[in-house]
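Step one of this worksheet: look at the structure below.
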There are 4 protein chains.
Amino acid sequence: MSPVLVALLSGPDQKGLVSKVSGWIFENGGNIIHADQHRDAQAGVFFQRVEWSLDDGSDPRATAAAFEQFGDSIGMKTKVAISGDKPKVAIFVSKFDHCFHDLILRWKAGEYPCEIALIISNHTALKAVSKNYEIPYQYISVTKATKADAEAEQLALLKQEGIELVIMARYMQVLSPIFLDTFGKPVINIHHSFLPAFAGAKPYHQAHSRGVKLIGATAHYATPDLDQGPIIHQNVAQVTHRNSVEDLVRKGRNLEKITLAQAVSWHLENRILVYENKTVVFD
Amino acid sequence: MSPVLVALLSGPDQKGLVSKVSGWIFENGGNIIHADQHRDAQAGVFFQRVEWSLDDGSDPRATAAAFEQFGDSIGMKTKVAISGDKPKVAIFVSKFDHCFHDLILRWKAGEYPCEIALIISNHTALKAVSKNYEIPYQYISVTKATKADAEAEQLALLKQEGIELVIMARYMQVLSPIFLDTFGKPVINIHHSFLPAFAGAKPYHQAHSRGVKLIGATAHYATPDLDQGPIIHQNVAQVTHRNSVEDLVRKGRNLEKITLAQAVSWHLENRILVYENKTVVFD
Amino acid sequence: MSPVLVALLSGPDQKGLVSKVSGWIFENGGNIIHADQHRDAQAGVFFQRVEWSLDDGSDPRATAAAFEQFGDSIGMKTKVAISGDKPKVAIFVSKFDHCFHDLILRWKAGEYPCEIALIISNHTALKAVSKNYEIPYQYISVTKATKADAEAEQLALLKQEGIELVIMARYMQVLSPIFLDTFGKPVINIHHSFLPAFAGAKPYHQAHSRGVKLIGATAHYATPDLDQGPIIHQNVAQVTHRNSVEDLVRKGRNLEKITLAQAVSWHLENRILVYENKTVVFD
Amino acid sequence: MSPVLVALLSGPDQKGLVSKVSGWIFENGGNIIHADQHRDAQAGVFFQRVEWSLDDGSDPRATAAAFEQFGDSIGMKTKVAISGDKPKVAIFVSKFDHCFHDLILRWKAGEYPCEIALIISNHTALKAVSKNYEIPYQYISVTKATKADAEAEQLALLKQEGIELVIMARYMQVLSPIFLDTFGKPVINIHHSFLPAFAGAKPYHQAHSRGVKLIGATAHYATPDLDQGPIIHQNVAQVTHRNSVEDLVRKGRNLEKITLAQAVSWHLENRILVYENKTVVFD
């Protein structure tokens, strides 16, 4: 298999961008496997995802660096990933374990190009099963009083392990703006409602009380504004008058799993760009 | 075809209700075709829909009246409909005509057991096509200044025609509490968002701005609290970063049509009971 | 919690069945929580599922037996389940483990009122993980030559353990008519296509080759006619020209999991009746 | 608004195609609005759809012709459409009129960039309503004996009107291989099942008899092999044991409408390429 590069570019729109990018790749011996782009005419912003294979002899790391330099030179923010590289991922989890198991089993089934390198939990409930999965597990207690210290400890671990992505798999704690800012890398969260409806706590109770006929789940990047981050993916399921809050919780688990799993997949395949608190998803 | 009755009952829960109701029907020569019930344990309320056929010789109207009396006697609010009866329906419409055409074509295709007896519009755009459909059409201008008079005129028409149901088929006006109270019969509205998200005006603009990945439509009974009425049905469709507000509007038209059409169908088949601002839908 | 009984009845239609059943329950101190029924007018068959609570002092086992006798006396095939009873279930699995993990995790999360008492596999791949799950695991090799012996061994184990339901969680072997007949209890299978399309082997290859835009999964009861058993549940997912056979396989795993999980749930909640190679699902 | 061109290209894969195409457009003063491509690695075929705007002064027709010549020169089958051009479309319809109304109302709502120039029917049922829609209507009786003559008459009309696309909106006749060959332009058909299941006649009866839990509709290009043409789009809806064949027919109407409507939309926006009896849909 020849090496494959995936670049994500974004920046001010200008004539000839597709031509410039594809021209560079052609001149540098690449063969475009797939390219997708989006132009937000109102905002005057251009986005592109391009995936190309290199000749067998070429040096993917050097080509990636050269492409990033080229991207800069045409005014585009550019990031290139190299096939085979496996970014390190940490899962934050509390006691609800359905998303946790789902993510790990998908990873073990080969669905995710990453390394799940660390599990952090404010409960000990998943310690034994983490050991069965052979993934390092760290218990860090979080209380109102210890939250700052706990986050400092979490951040130290993330840094030490070189974590590139945090997944909040129904981690029932809010990450502080300081945490998000210090970590400085993406954090994906799953919210158990079809945002913006029923933001905040106990969304299934809210949904039941309002008598809606659809419940939902929303995967989004975590931002300092709780439940306001850029939405990556959403799914819904039908509910009826027969369904109790407990039924909604159970049905919701299915939604949460598939919605988070898809969002993580897109992220790891470098399919997502964020701007103006929205996402462009090149699926 | 022997006559068929459909009863909707609701009231305080008590032991043996299913037995009492089915016993009465059996003793009165009926044969239950379908029965469904719901018990809200928390609220202590019981709901039932029961559909039964009568012997060929029987008098459906007398049996219906007798059953309503029986329902009262066991403490249940009871309403019986007789197969073949076609309640009169009025459609309120503005300029957006997709739900309007959809409802009328379904009716003409035999989907709705009703008579669409009246079209009321604050625009003249659909006058000619209403004539083609051979349905009486009434233009009633509505401005801030004339709203009270316009509603009085609408109410007089509804009364005169014996209208049992009003369908707001993207009628872009709010009906006043006085109108709803005076009419005293159900009014179904279609809202172009998955309520409670994006209540109020321009929901597609709101949805686009928030960057959601699903848009929705909600059919509900109109109540004095705008967009807060009991939800009957909801549907969603996927949207992506590529979709402009105009795309959302176009995709939304499909949702609005199927969602309103389904809600009207359930209402006309006497499948809906309302309590605590929610609906029980016996589908 | 007072004990709850769930009865499934089916038999020739006759007047007053709902009344007779609900009358019996009322007279025997029961309170109907939910009842649903279906009448196939063409076939002249009546189906009912009725769920009722007993007074605290009553003996559920005696009442269940009495009801079954009553059901017989009115000509209905009747089966009663008692809340809290947990039928023993065996999972047959090969190497594909997504449905296997999904079922067990749902069971551990409390979704299934049963005991997963046995795992039977023709591969050793899931031996260690079965031990982690603390579920007895039995490896039984199956080759063309040993199939009859293998099935005999399987049957002996099922009998010894008192298994009431077999779930084929992507068990890549066909169970012989003799096996099904000897076992004499339900076997649920998941087929990875939207039957009847693409029956037989390699359905994802067939789907890819035909260029369909939807792939599906079908949960059904196993019968001697391969892939022809009564369908319990079906789901589909969209695919596009971009999707390779491998993509279909991956997308299909999600479908297979949720479709099988739902079918098993309905079965264990006594919601399914079979007739004329179809299912009545009281969901 | 500056003129916009849309090109569809397909042909043997080769290195640098994206670069060549985007380079040509850039050098000829175009600005790419959107480009999408697909590479079938197994078949060694490359497909591209590219949409670009021209400078205000430019001549779209000349540029389109030049691009087609360029496409030929690099070995790609190339077709260019010019924004504002409205191809003429004929609808073939029988007595079932739901797709017929749906298509025409969408067209009148501005959803389709085409001219519905002709309605051909083997029944007179829709003559009056066609007149209301102000669309030329032609009744052509079709019997076994007259079929060849009828098709000759149809073909003459299509030629005379310059029809570019025929839509079979539940036209209950099979078009002969001779018709398809002589017409030589695309024909879109809607089949009322999720093909390849239940091909042929009475699919709703077949589905009801098999006891499936999903029914479907399939829009495809008509080919001499009945129901075997390249699939454009498919949708499904849930059904239950309660649904009669009539219910399936009614539910199916919704599916047929939205599935055909979407397929027509993609075709008219030049989003579809056909190869190996499959479609590439650049949606």
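Here are the numbers:
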read-out: Projected label distance in nm at B:K144 and C:Q138, using a 7 Å step from Cα toward the beta-carbon; value: 8.1
read-out: Helix C:17-27 axis, angle to chain C major axis (alpha carbon atoms, nearest 10°); value: 60
read-out: Pairs beyond 32 Å (Cα-Cα), from A:K79/A:K202; B:K257/C:K202; A:K202/C:K278; B:K213/B:K257; B:K95/D:K278; value: A:K79/A:K202; B:K257/C:K202; A:K202/C:K278; B:K95/D:K278
read-out: Mean Cα-pair separation over length for chain A, i.e. relative contact order, pairs under 8 Å, 6 or more apart, %; value: 15
read-out: Global geometry of the stretch B:62-157, whether rounded, prolate or oblate, following the gyration tensor of its Cα atoms and the 1.5 cut on a/c; value: oblate
read-out: The stretch D:17-77 - percent of accessible surface contributed by carbon and sulfur, probe 1.4 Å; value: 48
read-out: Eligible aspartates and glutamates near A:K159 by straight Cα distance, threshold 18 Å, same-chain separation 8 or greater; value: A:E115, A:D149, A:E151, A:D181
read-out: Computed FRET value (nearest 0.05) for D:I82 with B:D225, which takes r as the C-beta separation and R₀ as 35 Å; value: 0.10
read-out: Beta bridges per DSSP with both ends in the protein assembly as shown, % antiparallel, nearest 5; value: 70
read-out: Chain B: most fluctuating residue of B:S19, B:S53, B:S265 per GNM, C-alpha cutoff 10 Å; value: B:S19
read-out: With at most 12 other Cβ atoms within 10 Å, longest stretch of chain A clear of loop GluC sites (Glu not before Pro) (DSSP); value: A:135-275
read-out: Label-zone membership for the stretch C:214-229, site C:D181, 7 angstrom Cα→C-beta point, backbone N under 17 Å; value: C:222-226
read-out: FRET efficiency, B:K202 to D:N28 (Cβ-Cβ, R0 30 Å, nearest 0.05); value: 0.15
read-out: Spatial separation of Cα centroids for the stretch A:140-201 and the stretch A:203-259, in angstrom; value: 20
read-out: Alpha-carbon centroids, the stretch B:32-46 and the stretch D:1-77: separation in whole Å; value: 63
read-out: Using a 7 Å Cα-to-Cβ projection, D:E111 label spacings across copies, nm, ascending; value: 1.3, 3.3, 3.6
read-out: Label spacing, shortest first and in nm, from A:D59 to its equivalents in the remaining copies (7 angstrom along Cα→Cβ); value: 5.2, 8.6, 10.1
read-out: Of all chain C residues, the one whose C-beta is nearest the axis that brings C onto D, in angstrom; value: C:A197, 2
read-out: Amide N proximity, the stretch C:3-45 versus C:A66 label position 7 Å along Cα-to-Cβ, cut-off under 14 Å; value: C:5, C:23-31
read-out: Dipole magnitude of the stretch C:10-111, debye to nearest 20 (Cβ charges: Lys/Arg +1, Asp/Glu -1, about Cα centre); value: 340
read-out: Tensor-based shape of the stretch A:1-105 (alpha-carbon gyration tensor, a/c under 1.5 rounded, otherwise prolate or oblate); value: oblate
read-out: Volume of the Cα convex hull of the stretch C:186-283, divided per residue and given in Å³; value: 88
read-out: Relative contact order of the stretch A:4-82, pairs being alpha-carbon contacts under 8 Å that are 6 or more residues apart, as %; value: 45
read-out: Computed E for A:Q238/D:V245 - FRET, C-beta separation, R0 22 angstrom, nearest 0.05; value: 0.35
read-out: Angle in degrees between helix C:245-268 and the longest Cα principal axis of chain C, rounded to the nearest 10; value: 20
read-out: Shortest-first nm distances, C:K77 label point to equivalent points in other copies (7 Å, Cα→Cβ); value: 4.3, 5.5, 6.5
read-out: Residue-averaged 222 nm ellipticity for chain D, from DSSP H runs of 4+ at -39500 (n - 2.57), nearest 500; value: -10500 deg cm²/dmol
read-out: For chain C, size of Cβ-based charge dipole, Lys and Arg +1, Asp and Glu -1, in debye; value: 1100
read-out: Where trypsin sites (Lys or Arg not before Pro) fall in DSSP loop in the stretch B:186-261, at most 15 other Cβ within 10 Å; value: B:R242
read-out: Tilt relative to chain A, helix A:60-73 - C-alpha long axis, 0 to 90 degrees, to 10; value: 80
read-out: Cα gyration tensor shape for the stretch B:93-141, rounded if a/c is under 1.5, else prolate or oblate; value: prolate
read-out: Length-normalised contact order of the stretch D:186-283 in % [C-alpha pairs under 8 Å, at least 6 apart]; value: 28
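The values are calculated or read from the model by the stated rules, or taken from the named source; none is laboratory data. The model shown is predicted, which means the values in this text are computed figures rather than measured ones. Don't worry about glycine lacking a Cβ; one is built from the backbone with ideal geometry, like all the others, and counts go over all protein chains shown. Surface accessibility is based on the protein's heavy atoms, side chains included, excluding ligands, DNA and RNA. Shrake-Rupley method; radii C 1.70, N 1.55, O 1.52, S 1.80 Å.
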